[in-house]
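Visitor: Quick one: structure below, then a few questions.
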Amino acid sequence: MSAAQGETNSLGQTILEKISAHAEGDVSTIGMDTPLSDLGIHSLELTEIIFDLEDAFGIEVEMNTAEAWENLETVRDIVEAVRKLVQAKA
């Protein structure tokens, strides 16, 4: 496994934990391809998740980015968006 894969796995796991904290229902079944709508995550919860991720990774999500994030549909979409911000910061 490459360092990038390890980082993505660790990053993905952290994001899954943050999303699970705001999700409704059985969080043990959440995977990378789980639709956010299936978890009861809508704009308010997504905003809270964004704040959690900013704190966890030391990133800043610009408001225009946050609005674009409302179009994210799956857990994987959030992981990829955060990964890009973390890499841009490095």
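The values are calculated or read from the model by the stated rules, or taken from the named source; none is laboratory data. Just so it is clear, the structure is predicted and the values come from calculations on it, not from any experiment. With ideal geometry, Cβ positions are generated from the backbone for all residues, glycine too; neighbour counts draw on all protein chains shown. Only protein heavy atoms, including side chains, enter the accessible area calculation; ligands, DNA and RNA are left aside. Shrake-Rupley method; radii C 1.70, N 1.55, O 1.52, S 1.80 Å.
Visitor: Between residue 47 and residue 64, what is the label-point separation in nm under the 7 Å Cα-to-beta-carbon projection?
Guide: Using points 7 Å along Cα→Cβ, the separation is 2.1 nm.
Visitor: For the stretch 34-90, what relative contact order do you get, as a whole percent, if you take Cα pairs closer than 8 Å and at least 6 residues apart?
Guide: After rounding, I find 46 percent.
Visitor: Same structure again: Can you list residues whose amide H is under 5 Å from residue 74's amide H, if they're 5+ apart or on another chain and H is modeled 1.01 Å from N?
Guide: 36
Visitor: With each pseudo-label sitting 7 Å past Cα toward Cβ, what's the residue 54-residue 71 distance in nm, one decimal?
Guide: 2.1
Visitor: Rounded to the nearest 500 deg cm²/dmol, what is the calculated helix-only ellipticity per residue at 222 nm for the chain, with -39500 (n - 2.57) per DSSP H run of length n ≥ 4?
Guide: -20500 deg cm²/dmol
Visitor: Could you please state how large a percent of the accessible area of the stretch 26-90 is carbon and sulfur, counting protein chains only and using a 1.4 Å probe? Please list the in-between numbers first.
Guide: On the way: 1880 of 3870 Å².
Whole-percent figure for carbon plus sulfur exposure: 48.
Visitor: Along the charge dipole of the chain, pointing to its positive end and built from +1/-1 on Cβ of Lys, Arg, Asp and Glu, which listed residue (88, 68, 44) has its Cα farthest out?
Guide: 88
Visitor: A further question follows. Hey, what's the Cα Rg ratio for the chain versus the globular rule of thumb, 2.2 N^0.38 Å?
Guide: Details: Rg = 12.4 Å, N = 90, 2.2 N^0.38 = 12.2 Å.
The reported ratio for this selection is 1.02.
Visitor: R0 = 22 Å: FRET efficiency of residue 87 with residue 33, Cβ-based, nearest 0.05?
Guide: 0.50
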